[in-house]
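I have placed the structure first, in the form of structure tokens, so that the comments after it can refer back to it.
The values are calculated or read from the model by the stated rules, or taken from the named source; none is laboratory data. Keep in mind it's a predicted model, so treat the numbers as computed, not measured. In this analysis, Cβ positions are derived from the backbone assuming ideal geometry, glycine residues included, and neighbour counts consider all displayed protein chains. In case anyone asks, the SASA skips ligands and DNA or RNA and just uses the protein heavy atoms, side chains included. Shrake-Rupley method; radii C 1.70, N 1.55, O 1.52, S 1.80 Å.
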Amino acid sequence: VNTVQGYNPVTNTTVDFTATDPYPELTSPGAVEVVGNKAYSFGGFDAVVTTAGCHVFDINAADGARWTSCPDLNLSRSYIGTAVVDGVIYAAGGDTWDGAALIAQTIVEKLDTANPTAWDDASVADLPVACDEFRAFGFDTNSGYDVAGKIIAAGCGQWPNAIADSSIYDVAAN
């Protein structure tokens, strides 16, 4: 589907953007992260193929102009673990589709939202094991937490199973 809805927690109301700003692809998004009031949606799977597409939804843009394109992922996939540190989106793992099964991946790539020219796979270490469908949490370097500048990956899926392990990724040390 290409339905786009939003929720306003201040007014406890929802809004449907589909009439003016439908999702640009007929697929489920592989992942979504928000940076600077913009939602970055990338990857996806429609039960036939995965996509590498990347789209940005700007809530402050005019009706009919909220979606713009961003660079495609290096690897087409879905069910991606994501986190943001200092405005940089990290897309970790996820699944490719071989026509019969979902295959968990180790790839990690990042997109600098201040200069979104390409997803960078070369300068980011891959996951130690293939993972899909997991949660990750990023902490900005100035957050004041012990985990500042790090990403915590909670769990690890390997469709159709799961691994209970968690991991820490240090952005500066790679």
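Can you compute the modelled spin-label distance between VAL48 and ILE152, with each label point 7 Å from Cα toward Cβ, in nm?
It works out to 4.1 nm between the two label points.
Any idea which of ALA125, ALA154, THR141 is furthest toward the positive side of the dipole for region 114-154, if Lys and Arg beta-carbons carry +1 and Asp and Glu beta-carbons -1?
THR141
Taking the Cα centre of region 1-92 as origin and charging only Cβ (+1 Lys, Arg; -1 Asp, Glu), how large is the dipole, in debye to the nearest 20?
Result for region 1-92 is approximately 120 debye, rounded to the nearest 20.
Please list, in chain and number order, the residues 5+ apart from ASP165 or on another chain whose amide H is under 5 Å from its amide H, with Hs placed from the backbone.
Distant-sequence amide H within range of ASP165: CYS156.
Quick check for me: using +1 on Lys/Arg Cβ and -1 on Asp/Glu Cβ, what's the dipole size of region 41-174 about its Cα centre, in debye to the nearest 20?
It comes to approximately 120 debye.
Could you give the length gained by full extension between SER143 and THR18, i.e. 0.36 nm per residue of separation minus their alpha carbon distance, to one decimal place?
41.4 nm
At a threshold of 8 angstrom on Cα-Cα distance, excluding pairs fewer than six apart, so keeping six or more, what relative contact order does region 116-174 reach in percent?
Once divided by the residue count of region 116-174, the mean separation gives 28 percent.
Peptides 149-161, 56-68: what's the order by average Cβ count within 10 Å, highest mean first?
Ranking the peptides 149-161, 56-68 by packing returns 149-161, 56-68.
With an 8 Å Cα cut-off and a minimum separation of 6 or more residues, compute the relative contact order for region 8-72 in percent.
Relative CO of region 8-72 lands at 25 percent.
Take every Cα pair under 8 Å in the chain that's 6+ residues apart, average their separations, divide by the length, and report that relative contact order as a whole percent.
14 percent
With a 1.4 Å probe and all protein chains left in place, how much of the accessible area of region 1-125 comes from carbon and sulfur atoms, in whole percent?
It is 53 percent, rounded to a whole number.
How many nm separate the modelled label positions at ASP112 and ASP98, each set 7 Å beyond the Cα in the direction of the Cβ?
Taking the simple label geometry, ASP112 and ASP98 are separated by 3.7 nm.
Pull up all non-local amide H partners of CYS70: gap of 5 or more, or a different chain, and H-to-H distance under 5 Å with H placed in the peptide plane.
Hits under the 5 Å cutoff: CYS54, HIS55, VAL56.
Would you mind computing, in nm to one decimal, how far apart the modelled labels at ILE168 and ASP126 are, each placed 7 Å from Cα along Cα→Cβ?
2.5 nm
Could you report the chain's accessible area per residue, 1.4 Å probe, as an integer in Å²?
53 Å²
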